Amino acid sequence: MEDSKRLIAKMTEEMGKPIIKQLKEQVLEISTGFPWLLKKYCAHIIKLVKAGHKQTEIYETGMQLEDLFEEELNSLDEVLREFFERLINFLPATYYEITETFDDTDLHYKLTALQGAHRLIRLTGKTYDTYNDVLKEYVKTGKILISKKYIMRLQPQGVLTFLKAVIDNDWRSTDDIIKGNNKYQRGSVYNRINELKRLELIEGSHKSFTVNSSAIKAYQDGALNELLNATFKKNALTKIISNSLFIKKTLNIEEVKNILKEEMSFIEASDSTWTNYARIYCAWLKVSGIVISKQDTISLVGRSADINPTSIDGDYVPTIYITQLERFLLILGSFEGAVNIKEVAKKMGRSSSNGMIAGAEFLNLIQFHSRGVVELNDSGREFCIMTKDNKTEWVKTKILALRYVNEYLERINQGVNGITAFELFVKEIGYENEWNETTVKWKHKLLRNWLSYSKLI
């Protein structure tokens, strides 16, 4: 938080005016845990303010990381963008390796432009690479593979009713909505659009937006709640709350409020407002089918496959070597249909399969039929027959979606020793008294195994 405060103070100095509360909270919410991202947002806002944009206008656009990346890519001319999209698949690489692959006559110019004027790649020693792997994966897949952390400020009923109206009326901008429609005020439209962007249900800004095809299909199929379930499970706050529920079984509104206040400490709000945020977040968790609620108390619906009681920040921490997990999946696939976990453990000569179950669940390769009865899902069967490269990409995509992994890799790139970087997270989550030195070293060793398998280290 101290680094964040310094950056915000520097931005205020550069703009010549203080940053408004709503915009500051929005920037910190989007970039929490990622110093490189906070720097980019601060630089972006300074540029917009100096160009004459009002801070309220910047806030109302509800800009997300995808928008920031797109803005960077759109700054490239057609030739340079086409080259960058080809290049991205071969990075990291040395200049010699690049010349072996590309025969562009203006190769040096293109690399210099991407590194200097546009700052989309960097040269470390003799190796070119993007400034972070999040951008690389976005250009390659169109997806942001980091765990976002955000609270909701509006109740689900009003937001989802608004979304249905947008789809039914084919609205594409705030002006479309306001025109001839007295139900919505411009400010409330902005707020609802921002909520829908957080939920990845629409893309664009209040000036021009489109509903994602997946959201339209889910609405038409009556499956919006199922789509929300998948979206909310990616929110790091949901993982933290679910992790607490896994251990404590139930949480009341006061406990949820305290979690939100601790995790989103940069948000300035009264205690009553935090209580309202907690009620709203619980309402979204209920609509999404993640929790059930009774008398201001929530509990998990059924068995959560996304929660591990010894996780970091609610995210999965490897519990088994990848090679052992691959063997587990092959043995599980040798059974016809669902099987009791104990049978799999017996065939593997182990007393327990819990570690392998946790890893397979994290990779979304198995499904439970009842307590202790499991089988490979469609992805699991496909994974077992994948090539080594495809397996590597599958695991890499999943592991990069973990916030703490991105922070760990960033610290490593900054020269921090691996075990030291891992110990920092153990302290940050308050597990230094839960995990002894041997446990920390073992968990770090398993994490390195997964990162090595994914070719991230």
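The values are calculated or read from the model by the stated rules, or taken from the named source; none is laboratory data. Treat the numbers as computed from the prediction; the structure is a model and nothing was measured. Cβ atoms come from the backbone with ideal geometry, glycine included; neighbour counts cover every protein chain shown. Surface accessibility is based on the protein's heavy atoms, side chains included, excluding ligands, DNA and RNA. Shrake-Rupley method; radii C 1.70, N 1.55, O 1.52, S 1.80 Å.
Extension gain for Ile167-Thr273 works out to 35.0 nm (0.36 nm per residue, less the C-alpha to C-alpha distance). Between the beta carbons of Phe266 and Glu66, assuming R0 = 25 Å, the FRET efficiency works out to 0.70 to the nearest 0.05. Comparing Asn89, Tyr109, Ile19 along the charge dipole axis of segment 16-119, the residue lying farthest to the positive side is Ile19, per the Cβ-charge model. In the chain, helices alone account for a calculated mean residue ellipticity at 222 nm of -18000 deg cm²/dmol, with every DSSP H run of four or more residues adding -39,500 (n - 2.57). The longest stretch of the chain left intact once loop-based GluC sites (Glu not before Pro) with at most 13 other Cβ atoms within 10 Å are removed from consideration, loops following DSSP, is 1-267.
Think of segment 173-309 as a dipole: +1 on every Lys or Arg Cβ, -1 on every Asp or Glu Cβ, centred on the Cα centre; then among Ala218, Leu228, Ile253, Ala218 lies furthest on the positive end. Between Leu91 and Lys441, residue separation times 0.36 nm minus the direct Cα-Cα distance comes to 122.9 nm.
In this structure the chain gives 49 Å² per residue of accessible area when probed at 1.4 Å with all protein chains present. Summing Cβ point charges (Lys, Arg +1; Asp, Glu -1) relative to the Cα centre of the chain gives a dipole of roughly 1000 debye. Sorted largest first by accessible area at a 1.4 angstrom probe radius, with every protein chain in place, the residues Ile30, Ile98, Ile247 fall in the order Ile247, Ile30, Ile98. The heavy atoms of Thr273 present about 50 square angstrom of accessible area, all protein chains included, probe 1.4 Å.
So which of Lys148/Lys342; Lys234/Lys294; Lys239/Lys391; Lys10/Lys183; Lys207/Lys396 end up more than 31 Å apart by C-alpha? Flagged as over cut-off: Lys148/Lys342; Lys10/Lys183; Lys207/Lys396. On the basis of the beta-carbon distance and an R0 of 41 Å, Ser334 and Thr210 show a calculated FRET efficiency of 0.35. Spread over its residues, the convex hull of the C-alpha atoms of the chain is 177 Å³ per residue. Note on segment 316-381: Kirkwood radius taken over Cα pairs, Stokes-Einstein applied at 4 °C and 1.567 mPa s, translational D equal to 112 µm² s⁻¹. Holding the Cα-Cα limit at 29 Å, pick out from Lys40/Lys248; Lys143/Lys455; Lys24/Lys217; Lys17/Lys140 the pairs that are longer than that. Check vs 29 Å cut-off fails for Lys40/Lys248; Lys24/Lys217; Lys17/Lys140.
What is the calculated FRET efficiency for Glu393 to Ala230, with r their C-beta to C-beta distance and R₀ = 22 Å, to the nearest 0.05? That pair, Glu393 with Ala230, gives E of 0.60. Here the accessible area is traced with a 1.4 Å probe on the protein chains. For the chain, carbon and sulfur cover 48 percent of it.
When +1 charges are put on Lys and Arg Cβ atoms and -1 charges on Asp and Glu Cβ atoms, the dipole computed for segment 1-156 relative to its Cα centre reaches about 880 debye. Between the residues Ile298, Leu451, Leu376, the greatest Cα displacement towards the positive end of the dipole of the chain, with unit charges on the Cβ of Lys, Arg, Asp and Glu, is found for Ile298.
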